[in-house]
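For reference, the structure discussed in these notes is given below.
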Amino acid sequence: MATITIKDVAREANVSVASVSRALNGGSGVTAETGQRIRDVALRLRYIPHAAARMLITRRTNTIGALLPDLYGEFFSELIRGIDLAARAHGLHLLVSSSHDSSEDAAAALRAMQGRVDGMLIMSAHVDDAFLRANLPEDLPTVLINSPVQDEAYRVINVDNYAGARAMTKHLIDTGHQDIAFIAGPENNFDAQQRENGYRAAMAKYASKVEPVVVAGDFTEEAGFRAGEALLARKKRPNAVFAANDMMAVGCMHAFREAGVCVPQDIALAGFDDIPVARYVAPPLSTVRVRIVDLGRSALEAVASMLENPDHQVTAGPTFGCEIVVRETCGARGAPASHE
């Protein structure tokens, strides 16, 4: 069967090729009646517009690129879900890649997307002002998620990780725990740094006589498991553990269970993010709730707004607050959570 072309639609509708193009691409210059007739003919002939040709006319791909640190785990699944929900509402498609473990990987991913996307969402530990200017076109609408970059050329949407971690640490202290250990995230990760800073600030203010204990982690369950083993091996065990994300908290809980240590009776435990699995582990995990889906949706809405209003000045994005979610692992089920 021969491929139906735009010329076939024009001939059948008794209009010019230009009129078909304008009608199918939402342009002006055709009457409502003519536009409807063209669309009816295109539907009847099962005409599929050629994407490359449409790009040449509209100079748009209707695709947004998303560069994330990783594509594994519930946090990124929820983040992508939020981005995708907003993208579909705007008639946009997604091209998603990971920056993996190096700035070279991040740069290669951005280069591969150039010319194929109308805008970028970037969440990566490898990104700073110099990196962005070296690897992105100046006029490409770009939104950064959870980034320390402060540059008028880019809109930044952050989570208040510092306040969330500070509030959870204070909640654990208010619950009666003093010796609170912290399982940190990746060393160069902005979120992880802010969460550790929040933990240290709360310990300094509300448990100043206790030395903070920080164990290395990398946001994975395996790291949480190893951290749990390391904490149990200490001469003085903590009476509470606060992990910088829920995945590590789940891994830590497994290490405690294997050692016969009960949560929260022997050691209280808390995480950060409130990924879906947090409420279903046993016992359910106390955590700091980040509205992950809303974070992704807000980032896509921001880049869509930049596309629709290219002449508008780039403004600072919102900072998402956090909420303490009290479940069973912190030993304070039903107790009021602290908010700061």
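Values quoted throughout were computed directly from the atomic coordinates according to the rules given, and no laboratory measurement underlies them. It should be emphasised that the depicted structure is a prediction, and the values quoted were computed from it without experimental measurement. Ideal geometry is used to build each Cβ from the backbone, glycine not excepted, and the neighbour counts take in all protein chains shown.
Observations on the structure shown:
- Charging the Cβ of each Asp and Glu at -1 and of each Lys and Arg at +1, and nothing else, the dipole of the chain about its Cα centre rounds to 760 debye.
- Amide proton proximity set for R155, modelled H, under 5 Å, gap of 5+: T142, L144
- Proximal charge balance of G251 [Cβ under 13 Å; K/R count +1, D/E count -1]: -4
- Modelled label positions at V149 and R279, each set 7 Å beyond Cα in the direction of Cβ, lie 3.5 nm from each other.
- Compared with the direct C-alpha span, the chain from Y72 to A108 gains 11.0 nm at full extension, assuming 0.36 nm per residue.
- Overall form of the stretch 161-291 per C-alpha gyration tensor (a/c, 1.5; a/b vs b/c): rounded
- Relative contact order of the stretch 269-325, defined on C-alpha pairs under 8 angstrom at six or more residues apart (%): 39 percent
- Here the Gaussian network model covers the chain, with springs between Cα atoms less than 10 Å apart; of A259, A107, A32, A32 fluctuates the most.
- Reachable lysines, given that their alpha-carbon falls under 19 Å from the alpha-carbon of K236 and they are not under 8 places away in the same chain: K209
- Summarising the amide proton neighbourhood of L95: residues at separation of 5 or more, or on other chains, whose placed amide H is nearer than 5 Å comprise I64, G65, A66.
- Summary of packing: across the peptides 142-148, 19-25, the per-residue average of other C-beta atoms within 10 Å ranks them, highest first, as 142-148, 19-25.
- Dividing the summed helix terms, -39500 (n - 2.57) for each DSSP H run of n ≥ 4, by the number of residues in the chain produces a 222 nm estimate of -13500 deg cm²/dmol to the nearest 500.
- Linear extension gain, L94 paired with D266, 0.36 nm per residue minus alpha-carbon span: 57.3 nm
- 0 to 90° range, to nearest 10: angle between helix 32-45 axis and the chain longest Cα axis: 80 degrees
- Cβ-Cβ FRET estimate between R81 and Q178, R0 fixed at 30 Å, reported to 0.05: 0.20
- Relative contact order, percent, the stretch 126-264 [alpha-carbon distance under 8 Å, six or more residues apart]: 22 percent
- Debye intensity ratio in log₁₀ form over the Cα atoms of the chain, taken at each q of 0.07, 0.09, 0.12, 0.15 Å⁻¹: -0.40, -0.58, -0.85, -1.14
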